[in-house]
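Trainee: Quick one: structure below, then a few questions.
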Amino acid sequence: MDRKTLVRAAFLEKIGSAPSENVPLSAMSSFGIGGPADLFFEARTEDELEKAVSLAAAEKYPFYVIGGGNNLLFDDAGYRGLILRNRLEGVVREGHRLRVLSGTGLPCVLREALAAGLSGLEFLAGIPGTVGGAVYGNAGAYGWSIGDVLESADLFFPSGERRAAPRESLGFGYRDSALKRGGGIVLSTVLMCSPGDSRESEARIRDTLEKRRAKHPPLGTACAGSYFKNSCSASGARIAAGKLLEEAGARGRSVGDAAVSDVHCNFIVNMGNARAQDVLRLGEELKDLVFRAFGIRLEEEVVHLRADASML
Ligand SMILES: Cc1cc2nc3c(=O)[nH]c(=O)nc-3n(C[C@H](O)[C@H](O)[C@H](O)COP(=O)(O)OP(=O)(O)OC[C@H]3O[C@@H](n4cnc5c(N)ncnc54)[C@H](O)[C@@H]3O)c2cc1C
């Protein structure tokens with residue numbers, strides 16, 4: 001039996017259903033780009049996700065956990081292993097806190113906070129994706145990031161270990177967390193809120209969405225949000241990557257069907273049939289432009305998942 005067949009058989013035995021084969025990753029990504037994954041499985045409970053990770057680890061079969069695919073560039077060759085899509089969804093209120101399963105969408109968390117009369121999460125308005133993906137990249141906007149409101153996270157490791165991690169241990173920085181350095185898979189989080197006025201929260205959310213509408217490509221544009229992180233100046237202040245790109249002459253640039261958005265230069269958009277190679281080449285060209293103009297090296301915010309990567 002080949003390893004793929006072995007893994008499918010182990011899933012059937014231990015979880016009761018087998019991963020699908022040759023699933024196009026373009027359908028799992030807001031970029032609409034990516035070849036087939038050898039195996040693909042949606043985990044809907046913590047038990048399923050833990051078992052799926054443990055089974056892949058026991059077989060030494062490459063695997064990778066994704067959320068909503070809003071910050072990922074899948075490879076044209078797809079993925080030689082198992083893609084685990086996190087569908088653990090649910091929010092429970094505990095006083096001024098929300099206990100949130102990691103596959104819950106950020107819009108859903110925001111709705112639950114509003115319904116419970118809790119404030120503090122309004123900055124998440126308009127950011128697509130799951131809580132797990134947001135913790136991984138410390139997602140945020142307008143001066144706030146999810147790490148600022150996270151009290152703790154329950155993590156799971158391919159070794160089978162499960163651990164509660166307080167915020168201090170998660171190494172949050174600008175669009176960064178310890179999870180990027182092999183720090184485990186988020187199962188759930190506790191988010192801190194404060195008692196608020198729903199009308200005020202709604203007004204703040206509307207304001208945030210309006211600002212985003214004015215500055216970002218229209219909703220539904222095939223992209224993965226900001227392609228590069230904002231850069232750090234010598235004084236430690238953040239310089240918007242979009243501004244650097246604009247001034248360096250990025251506007252109008254494209255490679256194949258991958259193009260710089262004409263609304264915001266830090267968004268690379270898929271105009272129809274862009275390949276990952278087109279996006280990567282355009283990204284390199286843009287980095288060169290900014291380096292030649294300002295001596296600043298931009299760093300990608302979007303994660304390129306290579307076909308042979310693994311969380312093992
Ligand atoms: C239109 C648009 C606007 C955006 N605006 C913003 C913005 O304002 N601010 C911002 O910060 N981002 C923004 N983004 C990027 C994106 O929404 C965030 O990065 C989001 O947090 C990604 O979540 P996801 O579930 O889609 O993660 P995915 O794209 O699925 O995964 C991203 C990374 O997180 C890891 N990951 C996912 N789930 C887990 C888990 N449970 N445990 C451990 N690791 C995990 C994956 O392995 C992968 O490396 C935008 C994207 C789009 C398309």
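The values are calculated or read from the model by the stated rules, or taken from the named source; none is laboratory data. No experiment lies behind these values; they were computed from the predicted model shown. Counting neighbours? That spans all protein chains shown, and the Cβs are built from the backbone with ideal geometry, glycine included.
Trainee: Run L88 past the list (1) in contact with a strand residue (DSSP E or B) (Cβ under 6 Å, 6 or more places away or on another chain); (2) within 23 Å of R306 (Cβ to Cβ); (3) within 16 Å of the ligand (Cβ to nearest atom) and report the number of the one that doesn't hold.
Mentor: (2)
Trainee: Can you name the number of the only condition in (1) in the same structural domain as S194 (by TED's automatic domain parsing); (2) within 9 Å of the ligand (Cβ to nearest atom) that G67 fails?
Mentor: Going through the list (1) in the same structural domain as S194 (by TED's automatic domain parsing); (2) within 9 Å of the ligand (Cβ to nearest atom), G67 breaks only (1).
Trainee: Looking at region 202-211, is at least one residue farther than 22 Å from G295 by Cα, modelled with pLDDT of 95 or more, out of contact with any strand residue (DSSP E or B) (no Cβ under 8 Å at 6 or more places or on another chain) and among the small types (G, A, S)?
Mentor: Yes, some residue in region 202-211 is farther than 22 Å from G295 by Cα, modelled with pLDDT of 95 or more, out of contact with any strand residue (DSSP E or B) (no Cβ under 8 Å at 6 or more places or on another chain) and among the small types (G, A, S).
Trainee: Is one or more of the residues making up region 172-188 in contact (Cβ under 8 Å) with a residue 24 or more places away in the chain, in the same structural domain as L124 (by TED's automatic domain parsing), within 10 Å of the ligand (Cβ to nearest atom) and part of a helix (DSSP H, G or I)?
Mentor: Yes: region 172-188 contains one or more residues that are in contact (Cβ under 8 Å) with a residue 24 or more places away in the chain, in the same structural domain as L124 (by TED's automatic domain parsing), within 10 Å of the ligand (Cβ to nearest atom) and part of a helix (DSSP H, G or I).
Trainee: Could you say whether any residue in region 71-93 is touching a Phe, Trp or Tyr at 6+ places or on another chain (Cβ under 9 Å) and among the polar types (S, T, N, Q)? Full working, then the answer.
Mentor: Within region 71-93, the subset touching a Phe, Trp or Tyr at 6+ places or on another chain (Cβ under 9 Å) is 71-74, 79, 81-85.
Keeping just the survivors that are among the polar types (S, T, N, Q) gives 71.
There is at least one residue in region 71-93 that is touching a Phe, Trp or Tyr at 6+ places or on another chain (Cβ under 9 Å) and among the polar types (S, T, N, Q).
Trainee: Kindly check whether there is at least one residue in region 146-153 that is assigned by TED's automatic domain parsing to the domain that holds T208, within 9 Å of the ligand (Cβ to nearest atom), assigned to a strand (DSSP E or B) and closer than 29 Å to N22 by Cβ.
Mentor: no
Trainee: Could you give me the residue pairs with C-beta distances under 7 Å whose first residue belongs to region 87-105 and is in contact (Cβ under 8 Å) with a residue 12 or more places away in the chain, whose second residue is exposed (fewer than 15 other Cβ atoms within 10 Å of the Cβ) and in a strand (DSSP E or B) wherever it lies, and which are 6+ apart or on separate chains?
Mentor: The qualifying pairs are H96/S194; H96/P195; R97/E151; R99/V92.
Trainee: Something else about it: Quick check on L298: is it at pLDDT below 95 and within 22 Å of the chain's Cα centre (by Cα)? Spell out how you get there, then give the answer.
Mentor: Numbers: at pLDDT below 95: no; within 22 Å of the chain's Cα centre (by Cα): yes.
The answer is no for L298.
Trainee: Scan region 178-203 residue by residue and report those that are surrounded by fewer than 18 Cβ atoms within 10 Å (Cβ to Cβ), closer than 20 Å to A141 by Cα and not small (G, A, S).
Mentor: K180, M192, E200, E202
Trainee: What's the total number of residues in region 127-145 that are buried (at least 19 other Cβ atoms within 10 Å of the Cβ) and in a loop (DSSP other than H, G, I, E, B)?
Mentor: Matching residues across region 127-145 total 5.
Trainee: Return the residues of region 159-177 that are of a type outside the set (D, E, K, R) and surrounded by 18 or more Cβ atoms within 10 Å (Cβ to Cβ); say none if nothing qualifies. I'd like the intermediate steps shown before the answer.
Mentor: Pass one, region 159-177, residues of a type outside the set (D, E, K, R): 159-160, 164-166, 169-174, 177.
Selection gives A165, L170, F172, S177.
Trainee: Ok, one more. Can you give me the ranges of the strands (runs of 3 or more DSSP E) entirely in region 196-312 with at least 1 residues that are away from the ligand (no atom under 15 Å from the Cβ)? Give the steps one after another, and end with the answer.
Mentor: Values: elements: 258-260, 268-270, 303-305.
Hits in region 196-312: 258-260.
Trainee: Is one or more of the residues making up region 274-286 more than 28 Å from Y64 (Cα to Cα), at pLDDT 95 or above and among the small types (G, A, S)?
Mentor: no
Trainee: D257: surrounded by 13 or more Cβ atoms within 10 Å (Cβ to Cβ) and assigned by TED's automatic domain parsing to the domain that holds S145, yes or no?
Mentor: no
Trainee: While we're looking at this one, here's another question. Here are some residues: L124, L82, L98. Which one is within 12 Å of the ligand (Cβ to nearest atom) and surrounded by 23 or more Cβ atoms within 10 Å (Cβ to Cβ)?
Mentor: Answer to the check: L124.
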